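Structure record follows, encoded as structure tokens.
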Amino acid sequence: MKRLIFRILLTFAMTLAITPSILVLVANSVTASDAAAEATDAANAATDAANLAAEAADSTTSALQDRIDSAFALANSAGIATIIDVSSGITSCNNTIVSATTKRDFAKNRYDQMQITLSDVTLEASIKRLYTSASSSWLSATRAYQSIITKKEGEKSRYTVAQSQINSIATNKAAADKAAADKAAADKAAADAKAVADAKAVADAKAAADKAAADKAAADAKAVADAKAAADKAAAEKDAAIAALTAKVTAIEAKLAATKKTTITCVKGKLSKKVTAVKPKCPTGYKLKK
């Protein structure tokens, strides 16, 4: 391209009878302009690449944060310590940091070169604008790569700290869950023991009540039996007394009857005769009048 432009200028110069020295000045101006434009294009391309790399780093950082957030959530909810592959993650960060550092240093070097070039007071205004733009692009690229380095350093720190925190949270959650389970088991055991004790107390109270009722029933039955026995005895004694008295009366009556004189009437034909004695008998020849 440069050669083509130079040939066109050479032909044009020959046509107009321009001196070679003027032609060299023009050619140098064109060459410097092309160089500045190419430098600007390169700087812009480097900036685009750096920005894309920074976006990729942001995406990776966001993905890491999502994994860490999920791990924290799981540790808090279930006491599970998710392994987030710290070693692999840190190795990946270090590789990215090394690559970004190399590219940052290159961009910084190009930026410094642009600053040296811009310090040339003989630069034409149009060329200076191109180098200024290139310088700005290289500075943007430098900053973009530095941002990547900073993010990756932060990721490395998060990898290490997050895993430790996740392990701690999971351990604490597991311990809390175990303590809660142990307390629940202890509470249940105490409740079961109380239920057994209460049931025993109820059973003992019922047994005592049943025994008291049985004892009372037995006592009442004995009292009734004793009362009946006493009544029967009293009745028997009364009957015996009555019988003895009756026997005595009968004996007295018998004795009285044995000594009591009775009068009978005895008849013999037209004759009548009364006989009075304890055991009266009609005289011979007489009959008891009926």
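Of the residues making up the range 150-167, those that are surrounded by 15 or more Cβ atoms within 10 Å (Cβ to Cβ) and either under 17 Å from N95 (Cα atoms) or outside the structural domain of A100 (by TED's automatic domain parsing) (or both) number 6.
Any residue at all in the range 180-195 that is modelled with pLDDT under 85, in the same structural domain as T82 (by TED's automatic domain parsing), within 33 Å of the chain's Cα centre (by Cα) and closer than 30 Å to T82 by Cα? Checking the range 180-195: not a single residue is modelled with pLDDT under 85, in the same structural domain as T82 (by TED's automatic domain parsing), within 33 Å of the chain's Cα centre (by Cα) and closer than 30 Å to T82 by Cα. Does D69 fit the bill of being farther than 19 Å from I148 by Cα, assigned by TED's automatic domain parsing to the domain that holds K173, among the acidic types (D, E) and surrounded by 14 or more Cβ atoms within 10 Å (Cβ to Cβ)? Judged against the criteria, D69 is not a match. Of the residues making up the range 142-173, those that are under 14 Å from S77 (Cα atoms) and out of contact with any Gly (no Cβ under 9 Å at 6 or more places or on another chain) are I166, N167, S168. Across the range 111-127, the qualifying residues are those that are touching a residue at least 12 places away in the same chain (Cβ under 8 Å) and over 17 Å from D34 (Cα atoms), and the one among them that is surrounded by the fewest Cβ atoms within 10 Å (Cβ to Cβ) is Q115.
Scanning the range 71-86 for residues that are farther than 18 Å from N172 by Cβ and part of a helix (DSSP H, G or I) turns up just one, V86. Out of A240, A218, A213, A258, one residue alone is part of a helix (DSSP H, G or I) and modelled with pLDDT under 80. It is A258. Note on the range 20-32: residues that are at pLDDT 70 or above and surrounded by fewer than 16 Cβ atoms within 10 Å (Cβ to Cβ) total 1. When residues in the range 43-61 are screened for being surrounded by fewer than 16 Cβ atoms within 10 Å (Cβ to Cβ), of a type in the set (G, A, S) and in contact with a helix residue (DSSP H, G or I) (Cβ under 9 Å, 6 or more places away or on another chain), 3 of them pass.
Within the range 262-278, which residues are surrounded by fewer than 10 Cβ atoms within 10 Å (Cβ to Cβ) and outside any strand (DSSP E or B)? Of everything in the range 262-278, those that are surrounded by fewer than 10 Cβ atoms within 10 Å (Cβ to Cβ) and outside any strand (DSSP E or B) turn out to be G269, K270.
To keep it simple, each residue is scored yes or no on (1) surrounded by 18 or more Cβ atoms within 10 Å (Cβ to Cβ); (2) farther than 23 Å from E155 by Cβ; (3) modelled with pLDDT under 85.
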position: A36; (1), (2), (3): yes, yes, yes
position: D41; (1), (2), (3): no, yes, no
position: A63; (1), (2), (3): no, no, yes
position: A75; (1), (2), (3): yes, no, yes
position: D85; (1), (2), (3): no, no, yes
position: C93; (1), (2), (3): yes, no, no
position: R129; (1), (2), (3): no, yes, no
position: S135; (1), (2), (3): yes, yes, no
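Among the criteria (1) under 25 Å from T101 (Cβ atoms); (2) loosely packed, with under 15 Cβ neighbours inside 10 Å, the one A175 does not fulfil is (1).
The values are calculated or read from the model by the stated rules, or taken from the named source; none is laboratory data. What you are looking at is a predicted structure, and each value in this text was computed from that prediction instead of being measured. Neighbour counts run over all protein chains shown; Cβ positions are idealised from the backbone, glycine included.
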